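Input: a single structure, listed below in structure tokens.
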Amino acid sequence: MMKIAILTGAGVSAESGLGTFRDKDGLWTKYDLNEVATPEGFARNPALVHDFYNARRTNCVQATPNAAHTALAALAMADHDLTLITQNVDDLHSRAGSPAVIHMHGELMRALCASCNARWDAPLAMHPSDCCQTCGAAATRPDIVWFGEITYHMDAILDAVTAADLFVAIGTSAEVYPAAGLVEQATGDTLEINLAPSARANAFASHRFGPATEVVPAWVAELL
Ligand code: BJW
């Protein structure tokens, strides 16, 4: 049984109609990340940040998993020990049928109380006046890891990546750490799947370039 650790990024959901961040027309060409993806931006203007994530939550609900998500779900059902790590805050891996997904940058569909750390399913639209369901504080926020915050589940992620016979990064620019540095922790074989070489392409032993909906199903078919 091969141990496989997979890290996905926005490119895996691009063909489901969810925007990437750094491509032409990406989210960071339209929004200032310092205003919408930092704790300081949220403190300055929580309504703006909620509007940004409310719109993305609506887009996410309307999107459907694509052939890359489906192929990775099929791989999870096969006779391999697979750990699926995603930087994506959408829920398309789960909706495709992947049984366990590690969300290192949080989840669009979850809310977090900044006062007592309670978490619950987010409503479609969140507002600064919303109160925590546990402590009552008007301190609710999307359960998202912003720049300068500690990424989630790092112990489990590092355990899986260091133990893997194969580490695969799919659809990520490798511009954001610690995700971009995971390939350095891999002790087994490494593969990058992306439209084009990422910022860390040289760290991978092999590469497959092209749209995720074509390259991922073809790669999974070879493994099954
Ligand atoms: C396709 C395709 C198709 C398109 N098919 N492919 C070390 C050095 C320097 C700085 C730092 C460092 N360590 C930490 C930092 C600071 C900072 C950081 O990395 N800054 C950089 C800008 C330099 N990192 C942090 O603050 C992180 N926290 C942290 O480090 O805590 C301390 C810590 C240390 C050690 C261990 C543990 C903790 C937190 C980072 C939070 C990132 N948050 C965001 C936004 C919130 C989520 C959201 O709103 O959705 O997460 S930023 C944004 O970028 C989002 C993404 O998850 C993330 C990565 O983007 P991704 O997925 O790679 O997307 P793109 O758009 O960049 O790339 C898409 C790729 O797909 C492209 O390559 C395309 O070609 C490809 N593609 N279509 C296949 N059809």
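The values are calculated or read from the model by the stated rules, or taken from the named source; none is laboratory data. Predicted, not measured: the structure shown is a model, and the values here were computed from it. For neighbour counting, all protein chains shown are included, and Cβ atoms are generated from backbone atoms with ideal geometry for every residue, glycine included.
For this structure, a couple of remarks:
- The listed residues are 162, 151, 213, and the only one of them that is farther than 20 Å from residue 16 by Cβ and near the ligand (Cβ under 10 Å from one of its atoms) turns out to be 151.
- Candidate set from region 109-158 (those that are touching a His at 6+ places or on another chain (Cβ under 7 Å) and closer than 21 Å to residue 87 by Cα); member that is surrounded by the most Cβ atoms within 10 Å (Cβ to Cβ): 144
- Residue list for region 63-79, restricted to those being part of a helix (DSSP H, G or I) and of a type in the set (Gly, Ala, Ser): 67, 68, 71, 73, 74, 76
- All helices (runs of 4 or more DSSP H) inside region 8-53 with 3 or more residues being out of contact with any helix residue (DSSP H, G or I) (no Cβ under 7 Å at 6 or more places or on another chain): 27-30, 39-44
- Residue match in region 115-133 (condition: near the ligand (Cβ under 10 Å from one of its atoms) and farther than 19 Å from residue 89 by Cα): no
- Evaluating residue 50 against the criteria (1) farther than 18 Å from residue 160 by Cα; (2) of a type outside the set (Lys, Arg); (3) free of Cβ contacts under 8 Å to residues at least 24 places away in the same chain leaves one unmet condition, (3).
- The residues of region 170-208 that are more than 9 Å from the ligand (Cβ to nearest atom) and either within 17 Å of the chain's Cα centre (by Cα) or among the basic types (Lys, Arg) (or both), listed by number, are 182, 183, 192, 200, 208.
- Residue, surrounded by the fewest Cβ atoms within 10 Å (Cβ to Cβ), within region 178-204, restricted to residues that are outside any loop (DSSP other than H, G, I, E, B) and of a type in the set (A, V, I, L, M): 201
- Here residue 107 fits the description: assigned to a strand (DSSP E or B) and either modelled with pLDDT of 95 or more or not small (Gly, Ala, Ser) (or both).
- Inclusion of residue 74 among residues that are touching a residue at least 40 places away in the same chain (Cβ under 8 Å), away from the ligand (no atom under 12 Å from the Cβ) and either buried (at least 23 other Cβ atoms within 10 Å of the Cβ) or under 16 Å from the mean Cα position of the chain (by Cα) (or both) is not warranted.
- In this structure, residue 57 does not qualify as surrounded by fewer than 19 Cβ atoms within 10 Å (Cβ to Cβ) and either modelled with pLDDT of 95 or more or farther than 23 Å from residue 141 by Cα (or both).
- Any chance residue 65 is closer than 20 Å to residue 147 by Cβ, at pLDDT 95 or above and more than 8 Å from the ligand (Cβ to nearest atom): no
- Flag if residue 97 is small (Gly, Ala, Ser) and within 13 Å of the ligand (Cβ to nearest atom): no
- Taking residues in region 122-151 that are under 28 Å from residue 176 (Cβ atoms) and in contact (Cβ under 8 Å) with a residue 60 or more places away in the chain, and partners anywhere that are surrounded by 19 or more Cβ atoms within 10 Å (Cβ to Cβ) and of a type in the set (D, E, K, R), the pairs with Cβ atoms closer than 8 Å and at least 6 places apart or on different chains are 122/57; 122/143; 124/57; 125/57; 126/141; 144/107.
- Hits in region 77-94 (condition: within 15 Å of the ligand (Cβ to nearest atom) and of a type in the set (Val, Ile, Thr)): 85, 86, 89
- Here residue 170 does not fit the description of being among the β-branched types (Val, Ile, Thr), crowded, with 21+ Cβ neighbours inside 10 Å, in contact with a His (Cβ under 8 Å, 6 or more places away or on another chain) and within 21 Å of residue 72 (Cα to Cα).
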